[in-house]
Amino acid sequence: MNTIVLHQWEISPFCRKVARSLDHKGLDYEVVNYNGLKAMFAARLSPVGKLPVIDIDGQRVQDSTRIARYLDQHFPEPPLYPADPQQRAQAELWEDYADELLYWYEVYLRVNDPDALDQAVSLSMVGRPAVERLPVKLSLRTMLRISLAGQGLGRMKREDVQAEFLRQLDRIETLLPLDGWLVGDSKTIADIAVGSQLLEVVRTSPLRSEIERRPRLWAWLQRI
């Protein structure tokens, strides 16, 4: 039997990406949450010091993309990455798009809306004492704003960022086939990666309504 432990942070779309990849494979796994101030201990899990991390039969793997590739190598069915080289390249481009571009919109929308930030803090406090809420909120807000400023999006006007995010939604809506998937005829890492970012917006942002009113996009998200 393969013993799999997912070390995660509740509000991380990358941790949700790994959880959905494990579910896609039909693999049983245990979850260790690093919510609240316990998040400080996540740095001890790997040299990179970030979540997600999985432990599997004595092996420790970090980074959502490396984990997804590891799962496909050791548990090939059903696949996350298509066997066809062209489709695999397309899936990997979608994965990079989600991880390196969509992620920053999700962070921006979360940290720059008071209600979205409060919901994110509540999710990140599951299982933790209430006394941790204020320091967690201050730390989360500061950390994310510094990251956004360094990335560049944090220095843009809010209305410009939101307008560009809506254009991203329109592009995905246009490219999605009716009742289909982003690449090929079955769910791949492309769907899981992009969906995991957008579903965090659905969980905490008032812009959830913009996702819901795009019929193909919303129906597709229900199947991720």
Quiz item: Is the range 163-185 home to any residue that is under 22 Å from the mean Cα position of the chain (by Cα), more than 27 Å from W9 (Cα to Cα) and among the aromatic types (F, W, Y)?
Solution: yes
Self-check item: Failed criterion for I224 (all others in (1) closer than 23 Å to A68 by Cα; (2) at pLDDT 95 or above; (3) of a type outside the set (F, W, Y) hold)
Solution: (2)
Quiz item: How many residues are open to solvent by 90 Å² or more (accessible area, probe 1.4 Å) and modelled with pLDDT of 95 or more if we restrict to the range 159-180?
Solution: 5
Practice problem: Determine whether Y34 is within 20 Å of L123 (Cβ to Cβ), open to solvent by less than 80 Å² (accessible area, probe 1.4 Å) and out of contact with any Asp or Glu (no Cβ under 6 Å at 6 or more places or on another chain). | Solution: yes
Quiz item: What are the residues in the range 117-160 that are of a type in the set (V, I, T) and in a helix (DSSP H, G or I), if any?
Solution: V121, V131, V136, T142, I146
Quiz item: Taking into account only those residues within the range 185-209 that are over 17 Å from Y103 (Cα atoms) and either of a type outside the set (G, A, S) or open to solvent by less than 30 Å² (accessible area, probe 1.4 Å) (or both), which is modelled with the lowest pLDDT?
Solution: D185
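This table checks each residue for (1) free of Cβ contacts under 8 Å to residues at least 24 places away in the same chain; (2) out of contact with any helix residue (DSSP H, G or I) (no Cβ under 8 Å at 6 or more places or on another chain); (3) surrounded by 19 or more Cβ atoms within 10 Å (Cβ to Cβ).
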| site | (1), (2), (3) |
| --- | --- |
| Q90 | no, no, no |
| Y103 | no, no, yes |
| L109 | no, no, yes |
| G152 | yes, yes, no |
Quiz item: Can you tell me which residues in the range 13-45 are within 19 Å of the chain's Cα centre (by Cα) and closer than 15 Å to R66 by Cβ?
Solution: F14, C15, K17, V18, S21, L22
Practice problem: Name every residue in the range 121-145 that is surrounded by 14 or more Cβ atoms within 10 Å (Cβ to Cβ) and farther than 14 Å from K38 by Cα, in order of residue number. | Solution: S122, R141, L144, R145
Quiz item: Which one of these is farther than 25 Å from Q162 by Cβ and modelled with pLDDT under 95: S46, S64?
Solution: S46
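The values are calculated or read from the model by the stated rules, or taken from the named source; none is laboratory data. Keep in mind the model is a prediction, meaning the values are calculated, not measured. Neighbour counts run over all protein chains shown; Cβ positions are idealised from the backbone, glycine included. The area values use the complete protein model at the heavy-atom level, side chains included, leaving out ligands, DNA and RNA. Shrake-Rupley method; radii C 1.70, N 1.55, O 1.52, S 1.80 Å.
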